[in-house]
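All of the numbers you see were taken from the coordinates with simple rules; none came from a lab. Note that this is a predicted model, so its numbers are computed, not measured. Methodologically, a virtual Cβ is constructed for each residue, glycine included, from the backbone with ideal geometry; neighbour enumeration extends over all protein chains shown.
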Amino acid sequence: MSILEDLFSLEGKIAFVTGGSRGLGREIALAYAACGADVVVVSRKLDACEEVAHEIEALGRRALPLACHVGDWDSIDAAVTEVYDRWGRIDILVNNAGMSPLAPSSAETSEALFDKVVGVNFKGPFRLAATVGQRMYDAGSGVIINVSSTGALRPAPHIAPYAASKAGLNVLTEAFAKEFGPRVRVNTLSAGPFLTDVSTHWAPEKREHQPSALGRPGRPEEVVTTALYLASPASSYTSGALVRVDGGLP
């Protein structure tokens, strides 16, 4: 194995990827498996997790599909306990699950919608990072990656709860990097517009053009290199950072 292969190898690691059954989460889960990791695929729908798990197993790695509502702490605790009972540890936690529903206006945003967005995007990742991060710290090492959004940096009308929850996630990165350092590295992957299933609801011109330096939305597989960098020994001196993967949005 070459020096570069060593730097990006995840051989023998166990990765826990929320929202891992589709979109960016699926791409990350498959990439980690291709680089040697066994992967826990987490989302609300078990059958969707099982489909990705079969793809991972076809790559010669172990996969554990788990149904978990990341906005519910009891569900989170049960999922984490199951992984530790079965596999003994988690080396890489990717807080990728999220939701970004539009409301007609801020005034018309219901309390239920607000709570749901904040629960999935902020409350759940807090609980996962806190519980898994402490276990990682006690074990001596680990990596946490919070998948955020440029919406947190450039908020727009009608997505205030989403933008605020992702901004809170960015803050969690810095807080946990300090709390669990130097044994655990914690970073933010700030994603811009990607052509995932969410983009099917965009206007056709948005699927072709974006007001960014590259002028287009990203393809889902283009998140992989950054997600791999942040998970691997290649980023051994990177913690508390926010890495933008957004094509150069202004």
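Report the extension gain between Y237 and S106 in nm, rounded to one decimal, defined as 0.36 nm multiplied by the number of residues separating them, less their alpha carbon distance.
Extra length available between Y237 and S106 comes to 43.1 nm.
Take the Cα atoms of region 95-139, build their convex hull, and give its volume per residue in Å³.
Taking only Cα atoms, region 95-139 has a hull volume of 58 Å³ per residue.
Explain nothing, just the number: dipole magnitude of region 201-250 about its Cα centre with +1 on each Lys and Arg Cβ and -1 on each Asp and Glu Cβ, in debye rounded to the nearest 20. All intermediate terms of the calculation are to be shown ahead of the outcome.
Details: 5 positive and 5 negative charges, 9 e Å.
Computed charge dipole of region 201-250: roughly 40 debye.
Given springs between every Cα pair under 10 Å in a Gaussian network model of the chain, which of P101, P182, P204 has the largest fluctuation?
Taking springs between Cα atoms under 10 Å, the residue moving most is P204.
Only Cα pairs within less than 10 Å get springs; with that Gaussian network setup on the chain, which residue of A139, A37, A67 has the largest fluctuation?
A139
Report the local net charge at V184: Lys and Arg +1, Asp and Glu -1, summed over other residues whose C-beta lies under 12 Å from its C-beta. Walk me through the numbers on the way to the answer.
Working: positive: R135, K178, R183, R185; negative: D91, D138, E179.
Net charge in that neighbourhood comes out at +1.
Can you give the local net charge around A63? Use residues other than it whose beta-carbon is closer than 11 angstrom to its beta-carbon, Lys and Arg +1, Asp and Glu -1. Numbers along the way, then the final one.
Numbers: positive: R61, R62; negative: D38, E50, E51, E55, E57.
With Lys, Arg at +1 and Asp, Glu at -1, the net is -3.
Below 8 Å between Cα atoms, with a sequence gap of 6+, how large is the relative contact order for the chain in percent?
Taking the mean separation of contacting Cα pairs over the length of the chain, I get 19 percent.
Among the lysines in region 114-250, how many pairs, 8 or more places apart or on different chains, have alpha carbons under 21 Å apart?
Working: K116/K166; K123/K166; K123/K178; K166/K178.
Here the count comes out as 4.
Which value in nm describes the separation of the simple spin-label points at W202 and A34, placed 7 Å from the Cα toward the beta carbon?
Going by the 7 Å Cα→Cβ label model, 2.2 nm.
To the nearest 10 degrees, how steeply does helix 46-58 sit against the main Cα axis of the chain, on a 0 to 90 scale?
50 degrees
Considering the chain as a Gaussian network with a 10 Å cut-off on Cα pairs, which listed residue, P125, P193, P157, attains the greatest mean-square fluctuation?
P157
Stokes-Einstein diffusion coefficient for region 142-246 at 10 °C in a medium of 1.306 mPa s, Rh from the Kirkwood formula over Cα pairs: what value in µm²/s? Please list the in-between numbers first.
Numbers: Rh = 14.6 Å.
So the translational diffusion coefficient is about 109 µm²/s.
Per the Kirkwood definition applied to all pairs of different Cα atoms, how many angstroms is the hydrodynamic radius of the chain?
In the chain this quantity evaluates to 18.2 Å.
For the chain, what does -39500 (n - 2.57) per DSSP helix run (n ≥ 4), summed and divided by total residues, give at 222 nm, in deg cm²/dmol to the nearest 500?
So the helix-based figure for the chain works out to -12500 deg cm²/dmol.
Quick check: pseudo-label points 7 Å beyond the Cα along Cα→Cβ at L214 and L59, how many nm apart are they?
With each label placed 7 Å out from Cα toward Cβ, I get 2.0 nm.
How much length would be gained if the chain were fully extended between K116 and A175, taking 0.36 nm per residue of separation minus their Cα-Cα distance, in nm to one decimal? The partial results should precede the final answer.
Details: separation 59, 0.36 × 59 = 21.24 nm, distance 2.32 nm.
Between K116 and A175, full extension yields 18.9 nm more.
Which of L228, L153, L93 has the fewest other C-beta atoms within 10 Å, and how do the rest follow up to the most?
Fewest to most other Cβ atoms nearby, the residues stand as L153, L228, L93.
For D6, D246, which order do you get if you count the other beta carbons within 10 Å of each Cβ and list the fewest first?
Taking fewest neighbouring Cβ atoms as first place, the list is D6, D246.
Can you put D91, D72 in order, fewest other beta carbons within 10 Å first?
Exposure proxy ranking, most exposed first: D72, D91.
What ranking, highest mean first, results for peptides 15-21, 113-119 when packing means the other Cβ atoms within 10 Å averaged over each residue?
The most tightly packed comes first, giving 15-21, 113-119.
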